[in-house]
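> Can you keep this structure in mind? I'll have questions shortly.
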Amino acid sequence: MRLSRYFLPVTKETPADAEVISHKLMLRAGLVRQTASGIYAWLPLGLRVLKKIEQIVREEQDRAGAIEMLMPTLQSADLWRESGRYDAYGPEMLRIEDRQGRDLLYGPTNEEMITSIFKDGAKSYRDLPRMLYHIQWKFRDETRPRFGVMRGREFLMKDAYSFDLDEVGGRISYNKQFVAYLRTFARMGLRAIPMQADTGPIGGDLSHEFIILAPSGESEVFFHKSWEEARSAEDYDVDIEDTDGLQAFVDSMTTEYAATDEKRDEAREVGMGDDLLKSRGVEVGHIFFFGDKYSKAMGLKVSGNDGSMITPVMGSYGVGVSRLAGAIIEASHDDDGIVWPEAVAPYKVGLINMRADDEACVTAADDLYAKLQAAGVEVLYDDRDERGGAKFATMDVIGLPWQLIVGPRGLKNGVVELKRRSTGERDEVSAEVALEKLA
RNA sequence: CGGGGAGUGGCGCAGCCUGGUAGCGCAUCUGUUUUGGGAACAGAGGGUCGCAGGUUCGAAUCCUGUCUCCCCGACCA
């Protein structure tokens, strides 16, 4: 994409509304614009990030054996009356009436709807286990939206639902999602720690929040120092079909101490000494097993192999997709702007032509642009007639992982400059070497 | 939902107390000189002062109502 033809409203000043760093940077970098309290428009650059995040979530859900579908944002109130939640949910649920006077709501979550759909389509024990998911906008009318997209009223969420014949099966589904979550966040360059959350009606330990560490996160978290070390998705490469191995792996991930502020175990902390670390954290995912709460209330039953009727047990698994965009920035930025992890960067390379009025520079930069595109490299080409300083500042604030700088100074010596955003390292290399490194 | 604050060119703000026909910085546009870390100079465009009433010869300014947004707290599968 040529910047001269793009829509990228980057600002030097921060709007007064923004308080947290990710919100400020998202506005400054032209990723989002607020349209109402807690409601955001995703501008072209921001949308690319959102889609990158969404795609990683999708790939890991698919890998875990979940099946993608899409449910609507608007739901019938009758569906929620079946589960009893229409009255129970409270004012956080946005209620709407259509022209016929029918009660609708903008879905804050989809347990009722998925249960109803699954009930319609699954009749036999042979139809289970199944996991279904979708990535769809939700609305929760929070009393006080804040922190930009991290606590919006309208937000993009991946929500998955598992259906199993019994609790043993339910735990297997849960474990598959558990691993998928670790992998998902690791792929985005985040350190996400599973922390035990309030348990569902069944009790036990089948509910975890995934908290990412970020110095400016919204809540305080406490954990064993082993979580400090960076881990990649490969560290979570488990055979999810090996039930025992999967369980052992999940156990190993939940033995080291990790707790949110409300869940602290002081007795345990005392014995940890220097191994205990604390940080700020942002919740980016939450998984839980809730047994037959919805299946029972909504009459979901399938035939067993002995002709009996079985009420399946369910779990649900949420990832805050739009929240992640903010959370990643919280975890990865510096004084100059965003530092995108490569996996979610809107473009991989920012190509800068230092002098739009210099024929040699234009030719060289155009050539690199064409070759990068031909090689399938996502590149944002700053071909505007601006001064170098302004271009550097723009590239730094939008945080693309690589900056490829073409200027008269380097061309004289037959080189271009390759700068890594995360470290600031610069290499003077030939155009060919630069292409090789980026392709 | 309790408490606090703010609405004035795209963004950040001043003016309001003490009514007199709207200003500054940044951004934008034009021109010239510039050009490796957000250039300088000269000129230009752009605002029914959130909205609705009221008081007054006259309202951004005073009064009443209303809407919106932000911050702290409570809440947050």
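The values are calculated or read from the model by the stated rules, or taken from the named source; none is laboratory data. On a predicted model such as this, the values are computed, not experimentally measured, just so you know. Every residue, glycine as well, gets a Cβ built from its backbone with ideal geometry; the counts of neighbours run over all protein chains shown.
> Within the group A:Pro341, A:Pro346, A:Pro312, which residue is away from RNA strand B (no atom under 12 Å from the Cβ), under 30 Å from A:Glu218 (Cα atoms) and crowded, with 22+ Cβ neighbours inside 10 Å?
A:Pro346
> What strands (runs of 3 or more DSSP E) completely inside the range A:311-423 contain at least 3 residues that are aliphatic (A, V, I, L, M) and closer than 27 Å to A:Lys12 by Cα?
Fully inside the range A:311-423 and qualifying: A:349-353, A:402-406.
> Right, here's the next one. For A:Glu60, indicate whether it is in contact with a helix residue (DSSP H, G or I) (Cβ under 9 Å, 6 or more places away or on another chain), among the acidic types (Asp, Glu) and within 16 Å of RNA strand B (Cβ to nearest atom).
No, not satisfied.
> Among the residues of the range A:87-117 satisfying the criterion of being in a helix (DSSP H, G or I) and away from RNA strand B (no atom under 15 Å from the Cβ), which is surrounded by the most Cβ atoms within 10 Å (Cβ to Cβ)?
A:Ser116
> A further question follows. If A:Ala233 satisfies all but one of (1) modelled with pLDDT under 90; (2) closer than 30 Å to A:Asp334 by Cβ, what's the number of the condition it fails?
Failing condition for A:Ala233: (1).
> Looking at (1) touching an Asp or Glu at 6+ places or on another chain (Cβ under 6 Å); (2) surrounded by fewer than 20 Cβ atoms within 10 Å (Cβ to Cβ), find the lone condition where A:Asp367 falls short.
Among (1) touching an Asp or Glu at 6+ places or on another chain (Cβ under 6 Å); (2) surrounded by fewer than 20 Cβ atoms within 10 Å (Cβ to Cβ), the lone unmet condition for A:Asp367 is (1).
> To continue, here is another question. I'd like to check something: does the range A:283-298 contain any residue that is modelled with pLDDT under 95 and assigned to a loop (DSSP other than H, G, I, E, B)?
yes
> Further question: In the set A:Leu79, A:Leu25, A:Leu70, which member is out of contact with any His (no Cβ under 7 Å at 6 or more places or on another chain) and either among the aliphatic types (A, V, I, L, M) or surrounded by fewer than 18 Cβ atoms within 10 Å (Cβ to Cβ) (or both)?
Every option except A:Leu79 fails the conditions.
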